[in-house]
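One structure below.
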Amino acid sequence: MAHAFDHGLAKPLRTLVRNGVVAALAPLLATVGCFGGAAFDSDAFASGPAGGYLKSIGPFAVMIRGREDDVGLDHAFEVLSGRAPAVLVALGDLPFDETGATGHAWHGDLTVQVLVFSQHARSLEDRLAGGDAAATASNSADPGLEVMLEHVRELLIGNDLGIGPAVWQLRPELEQELGTSKAETLWAQTYRVKVNGSVLEHRTALIRIAEFLTTWRAKAEPGGDPVHTFTTETASP
């Protein structure tokens, strides 16, 4: 069943933004392909021309809220295990600001988090800077987190994701380390993107009119003028 939305697009704005970010990062994939889970929209799984270095790009269910978020970090490491180097895309809070006088016109500022993950095994320094012989010899090798972070920024900053006027351009907010061990490192980039949060202004009035029309019955008497009666009463708004 297809659902309808006031913004006129085929899917919820959160779904479209998440899918758009994943698609924007697809050029970093090493091979044509994707990964993900049935809980996510199938359009969110990245595919694109080979030539990058990431093994996988996909959506992530929750936003990790700092180094103390043990549940989020454990889930991320579980999802990413064996798929490094990889990128995950999560969405967070959506605060609203009113933009009109009717109470129906709003803009939201959606939080987008991009998780960048490496299991570069040669050394911690190489995992960050990627300056070892393997990375130098091939562009498809793990280039190090600093290269990955830079490429993600280049692809996302100022990108409107091709969704249309309901979504503005991505704005960078924060880049932070979330966790490092001998085997793996996880960083996060946080972005903001304004989205149209307005709803149909006259929805209540239209519902009232529809209710009014369904209760209206016309009854004609022989030789007389039509007489209209109500079968139910509709409360005044």
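The values are calculated or read from the model by the stated rules, or taken from the named source; none is laboratory data. If you're wondering where the values come from, they're calculated on a predicted model, not measured in any experiment. In this analysis, Cβ positions are derived from the backbone assuming ideal geometry, glycine residues included, and neighbour counts consider all displayed protein chains.
A few notes on this one:
- Against the criterion of being at pLDDT below 85 and over 24 Å from the mean Cα position of the chain (by Cα), residue 202 qualifies.
- Test result for residue 57, more than 15 Å from residue 18 (Cα to Cα) and in contact with a helix residue (DSSP H, G or I) (Cβ under 8 Å, 6 or more places away or on another chain): no
- Matching residues, region 104-114, being farther than 19 Å from residue 191 by Cα and crowded, with 21+ Cβ neighbours inside 10 Å: none
- The lone exception for residue 68 - which of (1) part of a loop (DSSP other than H, G, I, E, B); (2) modelled with pLDDT of 90 or more; (3) in contact with a strand residue (DSSP E or B) (Cβ under 9 Å, 6 or more places away or on another chain); (4) closer than 23 Å to residue 149 by Cα it fails: (3)
- Only one of 224, 197 that is under 16 Å from residue 107 (Cβ atoms) and either at pLDDT below 90 or among the β-branched types (Val, Ile, Thr) (or both): 197
- Of all residues in region 13-52, those being modelled with pLDDT under 90 and in a loop (DSSP other than H, G, I, E, B) number 20.
- Checking each residue in region 94-120 for being free of Cβ contacts under 8 Å to residues at least 24 places away in the same chain and either in a helix (DSSP H, G or I) or within 21 Å of the chain's Cα centre (by Cα) (or both) picks out 95, 97.
Yes/no per residue for (1) touching a Cys at 6+ places or on another chain (Cβ under 6 Å); (2) among the hydroxyl-bearing types (Ser, Thr, Tyr); (3) over 13 Å from residue 189 (Cα atoms):
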| residue | (1), (2), (3) |
| --- | --- |
| 54 | no, no, yes |
| 62 | no, no, yes |
| 74 | no, no, yes |
| 83 | no, no, yes |
| 87 | no, no, no |
| 92 | no, no, no |
| 102 | no, yes, yes |
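- Residue that is farthest from residue 113 (Cα to Cα), among those in region 134-159 that are assigned to a helix (DSSP H, G or I) and modelled with pLDDT under 60: 137
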